[in-house]
Amino acid sequence: MTIQEICSLFDIGGQYIDCSELGIGNINSTYIIDFIRDGEQKQFCLQRINKNAFKNPEQVMDNIVKVTNYVREKTIQKGLPSKRFVLRAFNALDGKPFVVDDNGDYWRCYRYIRNSVTYDSTNDLNIIENVGKAFGRFQNCLDGFSASELYITIPNFHNTIKRFEDFHKAIEEDPFDRAKKVKVEIEKLLSFEERATKLQRLCDSGDLPIRVTHNDTKCNNVSFDKDTNEALAVLDLDTVMPGLIAHDYGDAIRFIANAVVEDCPDISKVKIDFNKYEAFTKGFLGEVNKSLTELEKQTLNLGVFTITVELATRFLADYLNGDKYFKVKYPGHNVFRTKNQIALAEDFIKQEEKLNEILKKYL
Ligand SMILES: Nc1ncnc2c1ncn2[C@@H]1O[C@H](COP(=O)(O)OP(=O)(O)O)[C@@H](O)[C@H]1O
Ligand SMILES: [Mg+2]
């Protein structure tokens, strides 16, 4: 089916003019669609959902519709511009929020957020603070929404105990005889296991509230106004699921506060940049601080360590299993990613007191 044919199945009216593939994003294929409706030019954002990553696209869309409807309502109540601050998925002509093409691929159509831009990475502290603010506002709007209404579209996504079990299995099976090459990294990660699984144990004992979490809190999942750099909508809601706030905070800091990108091969440069850490924390906690429980506050930094180590075990398990999950650009790419995350976790341990001090300022 052509893009035009797929568009014709959505309930968006008007006349199709043109499309262009965006070519950014890691998971889905994203197209910008030009339409004319009532003599006015309109744009939509059409996405093919990656079926390898999301086995149940209907559940993914059900979660997205529920969450965006709720956030839209709250945004309007706060007097904020919901059209620019909240994603809106259009229905298909059959009333469903997706279209299935001849190949069995699922497509969705969002309102295009005009005059917006996303940043893959940034050193601009103002942007980093605004990324924190956007994810915080998203979380804040969802306070009161019952997470049990959502499907768990990727089971055990941040179950660090389960992630370590997978890691142990990869070491034991070692199907490509690679374990001997990464002995040091394996030992390091195993030495982190007790501490990195503590958050999951607290979760399992029911001591932490289960919230609706975004689960992909990277800076390119927040849109910004091209002219004013004001943070607009939170994008990429495929992984919205029940989770812990420390997961979202931890993953955001892991990604945005690292002095270098997550696969930088020069490990000596890896460290937590205090200014970036503080900028994100200020933006995020400015929005969510009041709704956090005491234990949630105490576990935010544990979330940074946990998510960093968890990802390192996933990179290394993938290397041991033959680089099947993460896209690799060169042999050993997953090993560099692992080393990078280990270095970040080690820096975290070294700097923990200082990080706790900064965090305290915003709690
Ligand atoms: N509704 C939208 N309006 C404007 N730009 C968008 C919209 N949705 C996505 N984008 C752009 O497309 C990119 C990829 O979309 P995203 O949903 O994050 O997919 P992926 O899962 O592939 O990262 C985003 O980083 C953003 O630049
Ligand atoms: Mg994205």
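Contact map, region 52-64: residues that are in contact (Cβ under 8 Å) with a residue 24 or more places away in the chain paired with residues that are surrounded by 18 or more Cβ atoms within 10 Å (Cβ to Cβ) and of a type in the set (Phe, Trp, Tyr), Cβ distance under 6 Å, separation 6+ or inter-chain. Pairs shown: Pro57/Tyr106; Val60/Phe54; Met61/Phe98.
Taken together, the residues in region 105-154 that are within 16 Å of ligand 2 (Cβ to nearest atom), more than 15 Å from Ser82 (Cα to Cα) and part of a strand (DSSP E or B) amount to 2.
Condition test on Leu80, is it within 16 Å of ligand 2 (Cβ to nearest atom) and on the phi < 0 side of the Ramachandran plot? Spell out how you get there, then give the answer.
Values: within 16 Å of ligand 2 (Cβ to nearest atom): no; on the phi < 0 side of the Ramachandran plot: yes.
Spelling it out, it is not the case that Leu80 is within 16 Å of ligand 2 (Cβ to nearest atom) and on the phi < 0 side of the Ramachandran plot.
Evaluation of Asp94 against the conditions (1) assigned to a loop (DSSP other than H, G, I, E, B); (2) on the phi < 0 side of the Ramachandran plot; (3) under 22 Å from the mean Cα position of the chain (by Cα) shows that the sole unmet condition is (3). If the condition is being over 12 Å from Ile128 (Cβ atoms) and in contact with a strand residue (DSSP E or B) (Cβ under 7 Å, 6 or more places away or on another chain), then region 245-257 contributes Ile245, His247, Asp248.
Counting only strands (runs of 3 or more DSSP E) that sit completely within region 195-292, those holding 1 or more residues that are touching a residue at least 40 places away in the same chain (Cβ under 8 Å), within 16 Å of ligand 2 (Cβ to nearest atom) and over 25 Å from Asp62 (Cα atoms) correspond to 222-225, 231-234.
Residues are listed down the side, and each one gets a yes or a no for (1) surrounded by fewer than 20 Cβ atoms within 10 Å (Cβ to Cβ); (2) closer than 28 Å to Gly322 by Cα; (3) out of contact with any Pro (no Cβ under 6 Å at 6 or more places or on another chain):
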| residue | (1), (2), (3) |
| --- | --- |
| Gly144 | yes, no, yes |
| Thr160 | no, yes, yes |
| Arg163 | no, yes, yes |
| Lys188 | yes, yes, yes |
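Flag: Asn321 matches the condition of being farther than 15 Å from Ile245 by Cα, surrounded by 18 or more Cβ atoms within 10 Å (Cβ to Cβ) and of a type in the set (S, T, N, Q).
Of the candidates Asp102, Asp177, the single residue that is acidic (Asp, Glu), loosely packed, with under 13 Cβ neighbours inside 10 Å and outside the structural domain of Phe54 (by TED's automatic domain parsing) is Asp177.
The values are calculated or read from the model by the stated rules, or taken from the named source; none is laboratory data. The structure displayed is predicted, hence computed values, not measured ones. Using ideal geometry, Cβ is built from the backbone for each residue, glycine included, and neighbour counts are taken over all protein chains shown.
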